[in-house]
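Novice: Quick one: this structure, given as structure tokens, is what I'll be asking you about.
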Amino acid sequence: MEVLAAVLAVAALASPFVRLVAVAVAESGAPDWHVGSVSSLRPSTVCTAVRPAGSSTYSSALKVVHRHGPCSPLLSRGAAPSPVEILHRDRDRANSIHRKITAKNAAQQASNKGMHYLPAHWATASLGTNNYVVTVGLGTPARYFTVEFDTGSDLSWVQCSPCTRSRCYKQKDPLFNPSTSPTYSTVPCGARECREIDDSQGRRCSSGSNSSSSRCPFEAVYADGSQIDGVLARDTLTLTTSPSDTIPGFVFGCGHNNSGFFGTEDGLIGLGRKSLSLSSQAASARSSSYGPSFSYCLPSLSSGEG
């Protein structure tokens, strides 16, 4: 069976985003070149104002934008990424998906043999490979942060002060300061949310700390070695600019010791299926103004709305 290996490269032309060259090498070693135009992949240059969906007593709407799109708040933080950088990001995302599939297959094979497969640590894709961001408010009064929109993660988190420069990655926005928010509180070790985070991460409260006075630690380790360490906390999450679109007591990670390749995003919002995700907390008892429904629409890179 013929095995093909594909390599993607940007053609060195006057306009570097005009063509994409795919090189397929067969077993014989003879290269087979395929050149295709990728001009349609260029981001739109005009941000089209979109009238937000009307909020009601039972619904709210967050604006989701592509990180490279014309409406992205990240564009104001530095130069737009080059075509090569965009391709590298796509490659990293494809690699992270491949790792997930490989791990799932390994777990299934182990199960079929009557064995147990245990991952070394709680890991997800490399942060910064996700394509979409949202802006949310945290605390009272709300401070707004641009965070990655991650459908594969459950726990949301932001960087928090105190955090020295050597312990936090560089972000453009100020860090979240818990001391300025009267609605902020830490989650104790004895809380249900702490037990859930223990189960998923293998991160345990120290012996004898299972009480209402001990703070629950959390750790997020990503596939590229990036890491977030801090405490589990609660505060008011504001979904839009309307003060009524809030989730009181939203559980999130407050990172105080963070390292890795995170870009300029302020954190991450998790939209997974477990109880600590945004979608699950929005439908929980303490946020009963929202029903058990959640949906999202992802704009394309070429869309003027994203």
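The values are calculated or read from the model by the stated rules, or taken from the named source; none is laboratory data. Bear in mind the structure is a predicted one, so any value in this text is a computation, not a measurement. Here the Cβ positions follow ideal geometry from the backbone for every residue, glycine too, while neighbour counts run over all protein chains shown.
Novice: Which residue pairs have Cβ atoms closer than 7 Å, lie 6 or more positions apart in sequence or on different chains, and pair a first residue in segment 230-250 that is under 23 Å from CYS168 (Cβ atoms) with a second residue that is of a type in the set (Lys, Arg) and in a strand (DSSP E or B)?
Specialist: These pairs meet every condition: VAL231/ARG215; PHE250/ARG234.
Novice: Just need a number here: residues in segment 144-171 that are within 30 Å of SER295 (Cβ to Cβ), touching a Leu at 6+ places or on another chain (Cβ under 9 Å) and assigned to a loop (DSSP other than H, G, I, E, B).
Specialist: 6
Novice: Does SER166 fit the bill of being among the polar types (S, T, N, Q) and under 16 Å from THR140 (Cβ atoms)? Don't jump to the end; show me each part of the working.
Specialist: Working: among the polar types (S, T, N, Q): yes; under 16 Å from THR140 (Cβ atoms): no.
No, not satisfied.
Novice: If only one of SER207, SER279 is part of a loop (DSSP other than H, G, I, E, B) and either at pLDDT below 75 or under 24 Å from ALA142 (Cα atoms) (or both), which one is it? Walk me through how you get there before you give the answer.
Specialist: Details: SER279 fails: part of a loop (DSSP other than H, G, I, E, B).
Result: SER207 is the single residue among SER207, SER279 that is part of a loop (DSSP other than H, G, I, E, B) and either at pLDDT below 75 or under 24 Å from ALA142 (Cα atoms) (or both).
Residue by residue, here is whether (1) under 16 Å from the mean Cα position of the chain (by Cα); (2) modelled with pLDDT of 85 or more; (3) among the aromatic types (Phe, Trp, Tyr) holds:
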| residue | (1), (2), (3) |
| --- | --- |
| VAL134 | yes, yes, no |
| THR140 | no, yes, no |
| SER156 | yes, yes, no |
| PHE176 | no, yes, yes |
| SER181 | no, yes, no |
| VAL187 | no, yes, no |
| CYS194 | no, yes, no |
| ARG215 | no, yes, no |
| ILE228 | yes, yes, no |
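Novice: With the requirement that a residue be of a type in the set (Val, Ile, Thr) and farther than 24 Å from SER295 by Cα, what does segment 126-143 give you? Even if it seems obvious, please write down each step before you answer.
Specialist: We begin by selecting, within segment 126-143, every residue of a type in the set (Val, Ile, Thr); these are 129, 133-136, 140.
If the condition is that a residue be of a type in the set (Val, Ile, Thr) and farther than 24 Å from SER295 by Cα, then THR140 is the only one that fits.
Novice: Can I ask one more? What are the residues in segment 234-267 that are over 29 Å from CYS189 (Cβ atoms), buried (at least 18 other Cβ atoms within 10 Å of the Cβ) and among the β-branched types (Val, Ile, Thr), if any?
Specialist: The answer is THR240, and nothing else.
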